[in-house]
Amino acid sequence: MAVGPVEHLVIAFPGGRFSGAVAPALAEAVSSGAVRAGDLAFVRRAEGGAPAPVELRELDPEGVIPADTAEGGAAAVLSSEDIDRLDRGVPAGDVVAIVVREDLWTTELARTAREAGGAFVAHERLGTAGAEADEAAGDDIIDRLERLTGLWKREILTDAEFVEQKTRLLSD
């Protein structure tokens, strides 16, 4: 199976307030075929500072988050050392979700590049300053998704471009 660039997202929930609200967005990204889920880990930084794993069923008792990453998923790549490294800098009491994902649109591009003797040498996100910048500009995620949907409905964006941009918005 061809594998494109695999990325990780670290999402901190201050004070351990994981409500599961991100679960539908993650489930939609996977079920739409925009991304292939890899590892998914949850860690709570205890008041003493030591990170401790948190079981998914504790945070998502209804099973909304797609948890089966072994079958058809991106390579399971998170080791305990990776989790410790990615969890650094998170305040005590916070819960952190670490999501490893593969953007499926890049899989074919990566395979073709490798076959042609090329290699991906850089992959960066440009112009993203985070949620604080979006809020300061008065541009919340709902407004951005509505504008994106409008472009798709007017056929300015193809289906694939719409899925890619929607996934990017939801993952930021």
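Annotations
- Yes/no for Val10 being modelled with pLDDT of 80 or more, in contact with a helix residue (DSSP H, G or I) (Cβ under 8 Å, 6 or more places away or on another chain) and of a type outside the set (Asp, Glu): yes
- The set of residues from the stretch 13-26 being at pLDDT 80 or above and out of contact with any helix residue (DSSP H, G or I) (no Cβ under 6 Å at 6 or more places or on another chain) comprises Phe13, Pro14.
- Restricted to the stretch 121-145, and to residues there that are part of a helix (DSSP H, G or I) and surrounded by fewer than 11 Cβ atoms within 10 Å (Cβ to Cβ), the residue that is modelled with the highest pLDDT is Ile142.
- Any pair with Cβ under 6 angstrom, 6 or more apart, that starts in the stretch 1-20 at a residue that is at positive phi and ends at one that is at pLDDT 75 or above and not aromatic (Phe, Trp, Tyr): Gly15/Gly93; Gly16/Gly93; Gly16/Val95
- If only residues of the stretch 146-163 that are in contact with a Ser or Thr (Cβ under 9 Å, 6 or more places away or on another chain) and not aliphatic (A, V, I, L, M) are counted, the one that is nearest to Val35 (Cα to Cα) is Phe162.
The values are calculated or read from the model by the stated rules, or taken from the named source; none is laboratory data. Everything quoted here is computed from the prediction, not taken from an experiment. Don't worry about glycine lacking a Cβ; one is built from the backbone with ideal geometry, like all the others, and counts go over all protein chains shown.
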